[in-house]
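Input: a single structure, listed below in structure tokens.
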Amino acid sequence: MIVTLAANAVARGLMILCAGGLSPRDFASPEMRRLAADFAIPGLPNPAACWAVIGAATVFALKRTAFGRAIYGVGGRERVADLSGCASKAAQAIGDAYLLPAIAAVALGGISILGGRGGDLDAVAGAMPITPSQSILWATQIAKVGRRFVDGVVIVCMSAL
């Protein structure tokens, strides 16, 4: 499944390239560049520190709040989501950019997609090879077509390993 999704990302990137539909370039402000490149804590890049704080907050929210328990309780069952009042309408393509990396991180971390095996640290381990390439692509402001293509190639290579 991961290879299929990664191949989809590669194909979509190539399709955008062939169609000439490159995304517009925008440039980060000097403050954002400084945030992305500096070290607030010596030896720890700001993105890594932000990632650690957000990761810890997410784990806390999932383990210690009613919202987190609802997410675990609903799982992948649409009927349960409807009955619990968690399902609502959303834009059709919302989150498409995060679909492949999220599923790849889960699979590369050894978490069973069917449930019953895996944990938070497994997902973190699965995200480790994916996150740096995505951060580099965003920081260098590669066009969307390039990001999709490289994401797909990295995930295919990691899956092969």
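The values are calculated or read from the model by the stated rules, or taken from the named source; none is laboratory data. This is a predicted model, so every value here is computed, not measured. Note that each Cβ is placed from the backbone with ideal geometry, even for glycine, and that neighbours are counted across all protein chains shown.
Computed quantities for the displayed model
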{"read-out": "Tally, over segment 114-131, of residues that are in a helix (DSSP H, G or I) and either of a type in the set (Ser, Thr, Tyr) or within 15 Å of Phe149 (Cα to Cα) (or both)", "value": "1"}
{"read-out": "Those residues of segment 49-60 which are surrounded by 14 or more Cβ atoms within 10 Å (Cβ to Cβ) and either over 27 Å from Met32 (Cα atoms) or among the hydrophobic types (A, V, I, L, M, F, W, C) (or both), in sequence order", "value": "Trp51, Val59"}
{"read-out": "Segment 124-142 residues that are touching a residue at least 12 places away in the same chain (Cβ under 8 Å), paired with ones that are surrounded by fewer than 17 Cβ atoms within 10 Å (Cβ to Cβ) and basic (Lys, Arg) (beta carbon under 7 Å, 6 or more apart)", "value": "Gln141/Arg25"}
{"read-out": "Failed item in (1) under 23 Å from Gly13 (Cα atoms); (2) aliphatic (A, V, I, L, M); (3) in a loop (DSSP other than H, G, I, E, B), with Ile111 passing the rest", "value": "(1)"}
{"read-out": "Any pair with Cβ under 9 angstrom, 6 or more apart, that starts in segment 86-104 at a residue that is outside any loop (DSSP other than H, G, I, E, B) and modelled with pLDDT of 70 or more and ends at one that is exposed (fewer than 13 other Cβ atoms within 10 Å of the Cβ) and of a type in the set (Val, Ile, Thr)", "value": "Ile103/Ile113"}
{"read-out": "Criterion: more than 24 Å from Val154 (Cβ to Cβ), modelled with pLDDT of 80 or more and not in a helix (DSSP H, G or I) - qualifying residue of Phe39, Phe60, Phe27, Phe67", "value": "Phe39"}
{"read-out": "Cβ pairs under 7 Å, 6+ apart, first in segment 59-70 and closer than 13 Å to Leu121 by Cα, second surrounded by 14 or more Cβ atoms within 10 Å (Cβ to Cβ) and among the polar types (S, T, N, Q)", "value": "none"}
{"read-out": "Pairs, first of a type in the set (Phe, Trp, Tyr) in segment 105-121, second crowded, with 18+ Cβ neighbours inside 10 Å and assigned to a helix (DSSP H, G or I), C-beta under 8 Å, six or more apart", "value": "none"}
{"read-out": "The one condition in (1) part of a helix (DSSP H, G or I); (2) surrounded by fewer than 15 Cβ atoms within 10 Å (Cβ to Cβ); (3) not hydrophobic (A, V, I, L, M, F, W, C) that Ser135 fails to fulfil", "value": "(2)"}
